[in-house]
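The values are calculated or read from the model by the stated rules, or taken from the named source; none is laboratory data. Every value quoted in this text rests on a predicted model; they were computed, and no experiment measured them. A quick note on method: Cβ atoms are made from the backbone with ideal geometry, for glycine too, and the neighbour counts reach across all protein chains shown.
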Amino acid sequence: MKLLDPIVQFQAELSQIRRDIHAHPELCFEEHRTAELVAKKLQEWGISVVRGLGGTGVLGIVRNGDSARAVGLRADMDALPMQEINSFPHTSQHAGKMHACGHDGHTAMLLGAAHYLAQYRNFDGTVYLIFQPAEEGGGGARRMMDDGLFQLYPMDAVFGMHNWPGIAAGSFGVTPGAMMASSNEFEVVVRGKGAHAAQPHKGVDPIMVAVQIAQSWQTIVSRNTSPLESAVLSVTQIHSGSATNVIPDEATLIGTVRAFSTATVDLVESRMRSIAEHTAAAFDAGVQFDFKRNYPPLLNHAPETAFATAVMQTIVGAGRVDAAVEATMGAEDFAFMLQAKPGCYVFIGNGEGGHRDHGHGLGPCNLHNPSYDFNDELLPLGATYWVRLAEAWLNKA
């Protein structure tokens, strides 16, 4: 493994920064302390800083030479609204908030790269260090773009990275094309006619209609979408009723739809609406159908993916880079940036959880799990990847 020695020597401070962020998690668009920490560090290292993009976003700018070339490196900063069950010293100090997805580590890795880039500047052009708020459902990437990220600070390509439990530490995973799915949610209200439970013939039972709709929806993926296209339709909540002897007026179905293509989402939404409306009509009920599209599919651009893969291989060797890693139905708002700019998103292995300090919870070290903790051994590797990627991009012939 070919790590940059100055970054390895800086690992202890990066770990301290990462654990400080972990202990002070902030939810989407509330990352004021984290943004201030990031901005101060960048300024200490002589890096120009732009604050407030996307609300609480921070942009670091490192320039060298006369080239107009520019590349963007992005890390996310926000935490999740969940309770941490770890008890090690850097556990969350804020009840109901936790860095359970490793954004603390992502921020620290990009800071490690920033520190090196500011010192050595072995490139010709501009590196934009994008510290993004609100990835966890807030669409912070789009907010930064709406505030002029790419218009005010033109860049040729943009790259992202996420830690991935289950991939061995010291390894990477990437694939061209669909890497992560789109994220969509629905809420469907079935309106019936309330009645006494002993006299169901005098009402229209919305619960039975909701059950029929939920069951019929499950045929969409198996019978309407192509077997060659992946999709997930999950009803995760059904709400109705308040008493054992009352047939209620309404029943609500809530859930999520995931797919790797917009066309598949279009098909699923259309079939869901049609099934809901016609099923309700068959039972003399009404229906209100709401479908919200959150994040689009994350699609890696082939040339940039090949470029990033080559950089990773120079650091850890070809055997430690899975260039056809299995895509995931998880979603990521970096997808918005890849719609606007060419680029690539990669996974860096977080291991199986053996790195966790004494005091971790009894659960697995999975993303969005209350026992999760980022693997600090990744910090120099992730920072080295960012540096080598930026240098290679800006110095290529």
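Being in the same structural domain as ALA134 (by TED's automatic domain parsing) and surrounded by 19 or more Cβ atoms within 10 Å (Cβ to Cβ) holds for only one residue in ASP333, ASP357, and it is ASP333.
Let's see how each residue does on (1) in contact with a helix residue (DSSP H, G or I) (Cβ under 7 Å, 6 or more places away or on another chain); (2) within 30 Å of ALA280 (Cα to Cα); (3) surrounded by 23 or more Cβ atoms within 10 Å (Cβ to Cβ); (4) among the aromatic types (Phe, Trp, Tyr):
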| position | (1), (2), (3), (4) |
| --- | --- |
| PRO133 | yes, no, yes, no |
| GLY137 | no, no, no, no |
| ALA141 | yes, no, yes, no |
| GLY148 | no, no, no, no |
| ASP156 | no, no, no, no |
| MET161 | yes, no, yes, no |
| PRO176 | yes, no, no, no |
| GLU185 | no, yes, no, no |
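Among the strands (runs of 3 or more DSSP E) contained in segment 226-322, which hold 1 or more residues that are in contact (Cβ under 8 Å) with a residue 60 or more places away in the chain, closer than 30 Å to TRP393 by Cβ and in contact with a helix residue (DSSP H, G or I) (Cβ under 7 Å, 6 or more places away or on another chain)? Hits in segment 226-322: 286-295, 298-300. Taken over segment 258-289, the criterion of being closer than 23 Å to GLY330 by Cβ and either surrounded by fewer than 16 Cβ atoms within 10 Å (Cβ to Cβ) or not assigned by TED's automatic domain parsing to the domain that holds GLY203 (or both) is satisfied by THR262, ALA263, ASP266.
ASP20 falls short on exactly one of the conditions (1) surrounded by fewer than 17 Cβ atoms within 10 Å (Cβ to Cβ); (2) part of a strand (DSSP E or B); (3) in contact (Cβ under 8 Å) with a residue 60 or more places away in the chain; (4) among the charged types (D, E, K, R), and that condition is (2).
The criterion of being acidic (Asp, Glu), within 27 Å of the chain's Cα centre (by Cα) and at pLDDT 95 or above holds for GLU30. Right, GLY317: surrounded by fewer than 18 Cβ atoms within 10 Å (Cβ to Cβ) and farther than 30 Å from PHE159 by Cα or not? No: the conditions fail for GLY317. Checking segment 62-73 against the condition returns no match, with no residue being in contact (Cβ under 8 Å) with a residue 60 or more places away in the chain, assigned to a loop (DSSP other than H, G, I, E, B), of a type outside the set (Gly, Ala, Ser) and within 18 Å of GLY138 (Cβ to Cβ). Looking across segment 113-135, the residues that are of a type in the set (A, V, I, L, M, F, W, C), out of contact with any Gly (no Cβ under 7 Å at 6 or more places or on another chain) and closer than 12 Å to ILE7 by Cα come down to ALA113, LEU117.
Quick check: is even one residue across segment 245-257 under 23 Å from TRP164 (Cβ atoms), surrounded by 16 or more Cβ atoms within 10 Å (Cβ to Cβ) and among the acidic types (Asp, Glu)? Checked against the condition, which is being under 23 Å from TRP164 (Cβ atoms), surrounded by 16 or more Cβ atoms within 10 Å (Cβ to Cβ) and among the acidic types (Asp, Glu), segment 245-257 yields no hits at all.
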